[in-house]
Amino acid sequence: MLKLEARPQPSKVMSLGSPLIALALTVVLASLLFIALGKDPVRGLSIFFVEPLNGLRATAEVLLKATPLMLCALGLAVCYRANVWNIGAEGQFLLGAITGGGVALWLTSQGITGARGLYSPLVLLAGVVGGAAWAAVTAVLRDRFNASEILVSLMLVYVAQQFLNFLVFGPWKDPMGFNFPQTKTFDASTWLPQLLPGTRLHWGIVVALVMVAVFWVFLFRLYRGYQLQVGGLAPAAARYAGFSARKSLWTALLISGGMAGLAGAMEAAGPLRQLTPHVSTGYGFTAIIVCFVGRLHPVGIVLSSVLLSMMLIGGELGQSRLGLPNALTGVFQGSLLFLLLACDTLITYRVKWRSAPRAVAPTAAPAAAQLKEVQS
Amino acid sequence: MNEIALLIAATLASGTPLAVAGLGLLLNEKAGVLNLGAEGMMLVAAIAGFATALATGSDVLAFAAGAGAGALMAAVFALLVIGLNTNQYATGLALSLFGGGFSAFVGVSFVGKKLEDRVPFEVPGLADIPFIGPAFFKQHWMVYVAIALVLAMSWFLYRSRAGLVLRAVGESPESAHALGYPVRLIRFGAVLAGGALCGVAGAFLSVVYAPLWVEGLVAGRGWIALALTTFATWRPARVLLGAYLFGGVTMLQFALQGAGVEVSSQLLSMLPYLATIVVLALISRNPLWIRINMPASLGKPFHPGA
């Protein structure tokens, strides 16, 4: 039978190879699914993995969608490295869109105008503050009340979505909007400036890439980042070294909330230029997959956010060209994460073929001794 | 008076899926496995149950399909977590994300279709009592089954030998292993059974409660069910109590709207989620209490001889 054998050391090759194997298996799975749906698998795969990068316009769209994924995933990577299970980036994203959008709307309503893009830094800053504040709610409840950050951050996603709905259906609704749930279009002075003329790509991608460098330095060159990761890997060792777990919790949550909020404000002031209930198309959740596929590493996150963004675009193309449901993207993304987690086993274990009968005694003996210890 | 009776009836109906899913997760966690995939399992089961009910018109078959779908999803989770020792948090998240995508994908052709409202089961004799009858005894039969399940689960966990072994596996897998119990097999079984119960809960939502399919129909109830196990400090009877409490909060928003309270419906929709956060914080505040009640090896992998 197949047996897993622990490696003496985690395999470096496999830690880079496992996402590639997982991707290859996802492609195989996708082909099978296309065949099952009666579509040409070659055509299907090319729509998901080639056409999104075919030409400047398409590539610009991929980078546009990769920007919020990259920002959210960078923040989440800090959390997961610190063993803080923030899964509410979606809610923090929405709050960033609300606070950023709120500032943009306020400037618009006050008639404070200027050159295009003049006030966009202000909008983005408001987004960071909003996202961080939303994450701080989770931090307070975890820190003061010991409540599970997984459940709290997730519940806050639903609260944030309802809050956004309330605003765009209620007080912030554009009176001239034909009764659609949407706000006024923001003034041009709050828009994020375009990066490539003729595309929707804006300066957000540059900001995101700068953040990648900043996070690399923080995680691998700064003492604070090191402390945080020790706390995640070996809490006991961190306690002995006098590293504060509370401080790590707050740092991780505020950073990741701020990043998700930044992404939210960028989405509002970038391609959308107004708020609607659909500011996010699940970016905060997709970012969790981006984060794991990217090995919780800033550079890996750049690559995986482009990959997942291609899949998002591929889903839209598959809908218009092959008549496939757009939800197929979600199936592929979920499968990718599953397969990645399975392949990650290869990092710490070797697969061995074993035909000899199972030896029971040597494994049972230490456990029995342990039991004795527990009883005494 | 009549409104209050209807409110109680609606509370029982909306608490039932939470109770059933909560019980399933409780069983999981008593065996030491934390499955964050509840939302995904419930979504896939909801569409499986809905499709079956639409095709056959049978509730029993719909619940069976839901249970099967939930167990199948749980089997994938168990293979990874128990077979390959993957991280339970990450794998559960993957299950939820996959379930969300997969159910939306399969469900596309079912959006807009509607099942007939289910005919409630009237408990003979009791259903005719004024007030009490409409409040408690005119419900879908699954509402009563859920209560029976709570009793059965209490008996199983605390009065049966198999339940004792299961709890031992969740408290100290090393000891259970040394005594010769197949720890991983028991955990596998608990995860499958938990998935099946989450599946029944999902099918209840799409077949009885809604009764229709829309993307994301479960709307966070899987996560609330996870929170329920903590509220209940891992006791089956308290899971039921908590479920009705949350069912009541969910219904309260409609009652307040009906009473003409001047609050927007979106703000009222936040209530169940806010209530979850508040109660979770209050219950978790005493770390000692949580530590005493929580299965000691919850979330920790076990691999004999490794």
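The values are calculated or read from the model by the stated rules, or taken from the named source; none is laboratory data. Quick caveat, the model's predicted, so the values are computed rather than measured. Note that each Cβ is placed from the backbone with ideal geometry, even for glycine, and that neighbours are counted across all protein chains shown. Protein only, heavy atoms only, side chains kept; ligands, DNA and RNA dropped before computing areas. Shrake-Rupley method; radii C 1.70, N 1.55, O 1.52, S 1.80 Å.
Per-residue mean of other chain beta-carbon atoms within 10 angstrom of the beta-carbon, peptide A:298-305?
Other-chain Cβ atoms within 10 Å of each residue's Cβ, averaged: 0.
Within 10 Å of each Cβ in A:165-173, how many Cβ atoms from other chains are there, averaged over the peptide?
3
Mind jotting down the three principal axis lengths of the range B:1-142 based on Cα atoms? Whole angstrom, largest first.
57, 37, 23
What is the Cα radius of gyration of the range A:1-120 over 2.2 N^0.38 Å, N being its residue count?
1.62
Percent of Cα-Cα pairs more than 23 Å apart in the range A:84-204, please.
Considering the range A:84-204, 41 percent of its Cα-Cα pairs are separated by more than 23 Å.
The range B:233-300: percent of C-alpha pairs farther apart than 19 Å?
Tail of P(r) above 19 Å: 48 percent of Cα pairs.
Can you give me the accessible area per residue for the protein assembly as shown, using a 1.4 Å probe, in Å²?
About 42 Å² of surface per residue is accessible.
In terms of modelled amide H atoms, which long-range or inter-chain residues lie less than 5 Å from the amide H of A:Arg350?
It is A:Glu5, A:Ala6, A:Arg7, by chain and number.
Please pull out the direction-averaged projected area of the range B:116-165, using the convex hull of its alpha-carbon atoms, in nm² to one decimal place.
One quarter of the hull surface, i.e. the mean projection, equals 5.0 nm².
Translational D (Stokes-Einstein, µm²/s) of the range A:12-71 at 10 °C and 1.306 mPa s when Rh comes from the Kirkwood sum over C-alpha pairs?
In µm²/s, the coefficient is 119.
With the calculation restricted to Cα positions, what are the radius of gyration and Dmax of the range A:197-305 in angstrom?
16.4, 57
In Å, what Kirkwood hydrodynamic radius results for the range A:58-126 from the alpha-carbon pair distances?
Evaluated over the range A:58-126, this radius sits at 14.1 Å.
For a quick check of understanding: with a 1.4 angstrom probe and all protein chains in place, what accessible area in square angstrom does B:Arg285 have, to the nearest ten?
Accessible area, nearest 10 Å²: 130 Å².
Just grab the label-to-label distance for B:Ala259 and A:Gln110, each label 7 Å out from Cα along the Cβ direction, in nm (one decimal).
About 4.1 nm, to one decimal.
Roughly speaking, what % of Cα-Cα pairs in the range B:1-40 are separated by over 11 Å, rounded to a whole number?
69
Which log10 I(q)/I(0) values does the range B:86-125 give at q = 0.22, 0.26, 0.27, 0.35 Å⁻¹ under the Debye formula, counting every alpha carbon as one identical point scatterer?
-0.77, -0.88, -0.90, -1.05
Given the DSSP H assignment, sum -39500 (n - 2.57) over each helix run of at least 4 residues in chain B and divide by its residue total; what's the result at 222 nm in deg cm²/dmol, nearest 500?
-22500 deg cm²/dmol
Of B:Cys198, B:Ser103, B:Val169, which is farthest along the charge dipole of chain B in the positive direction, counting Lys and Arg as +1 and Asp and Glu as -1 at C-beta?
Checking the options against the dipole of chain B, the answer is B:Val169.
Connecting C-alpha atoms closer than 10 Å in a GNM of chain A, tell me which of A:Met70, A:Met14, A:Met211 has the biggest fluctuation.
Result: A:Met14 has the largest fluctuation of those listed.
I want to verify a result. In a Gaussian network model of chain A, Cα cutoff 10 Å, which of these has the top mean-square fluctuation: A:Thr276, A:Thr286, A:Thr348?
Among A:Thr276, A:Thr286, A:Thr348, the largest mean-square fluctuation in the Gaussian network model of chain A belongs to A:Thr348.
For B:Lys300, which lysines qualify as cross-link partners when the Cα separation must be under 18 Å and same-chain residues fewer than eight apart are set aside?
B:Lys30
Which residues' amide hydrogens lie under 5 Å from the amide hydrogen of A:Ala147, considering only partners 5 or more residues apart or on another chain, with H built in the peptide plane?
When sequence neighbours closer than 5 places are left aside, the close amide H contacts are A:Arg142.
I'd like the projected area of the protein assembly as shown, averaged over all directions, using the convex hull of its alpha carbons. Report it in nm² with one decimal.
33.0
Leaving out ligands, DNA and RNA but keeping every protein chain, what accessible area does B:Glu122 have, in Å² rounded to the nearest 10, with a 1.4 Å probe?
Taking all protein chains as shown, B:Glu122 has close to 90 Å².
Using a 1.4 Å probe and counting only protein heavy atoms, how much accessible surface gets buried when A and B come together, both sides summed, in Å² to the nearest 100?
Roughly 4100 Å² of accessible surface disappears when A and B pair.
Could you let me know the centre-to-centre spacing of the range A:263-316 and the range B:180-242, using Cα atoms, in angstrom?
Centre-to-centre (Cα) distance: 30 Å.
What helices does chain A hold that run 27 Å or longer along their axis, going by alpha-carbon atoms, with a Kyte-Doolittle average of 1.6 or more, using DSSP H for the helix calls?
In chain A, the long hydrophobic H runs are A:12-36, A:149-169, A:328-348.
Heavy-atom accessible area of B:Met142 with all protein chains present, probe 1.4 Å, nearest 10 Å²?
Approximately 10 Å² of B:Met142 is accessible to the 1.4 Å probe.
What residue among A:Trp85, A:Trp106, A:Trp191 has the largest mean-square fluctuation in a Gaussian network model of chain A, using Cα springs under 10 Å?
Judging by the Gaussian network model, the answer is A:Trp106.
What does the structure give for B:167-178 when I average, per residue, the other chain Cβ atoms found within 10 Å of the residue Cβ?
Partner-chain Cβ atoms within 10 Å, mean over residues of B:167-178: 3.
Give the Cα extents of the range B:153-290 along the principal axes, in whole Å, largest first.
Ordered largest first, the range B:153-290 gives principal extents of 62, 37, 24 Å.
Does a label point 7 Å from the Cα of B:Phe121, set along Cα-to-beta-carbon, have any residues of the range B:134-163 with amide nitrogen under 20 Å, and which are they?
Flagged as within label range: B:134-155.
Dipole size in debye (nearest 20) for the range B:158-306 around its Cα centre, Lys and Arg Cβ +1, Asp and Glu Cβ -1?
My answer is approximately 580 debye.
For chain A, what log10 I(q)/I(0) values come out of the Debye formula at q = 0.07, 0.10, 0.12 1/Å, with one point per alpha carbon and no solvent?
Result of the Debye calculation: -0.37, -0.71, -0.98.
For chain B, what log10 I(q)/I(0) values come out of the Debye formula at q = 0.07, 0.14, 0.15 1/Å, with one point per alpha carbon and no solvent?
-0.27, -1.05, -1.19
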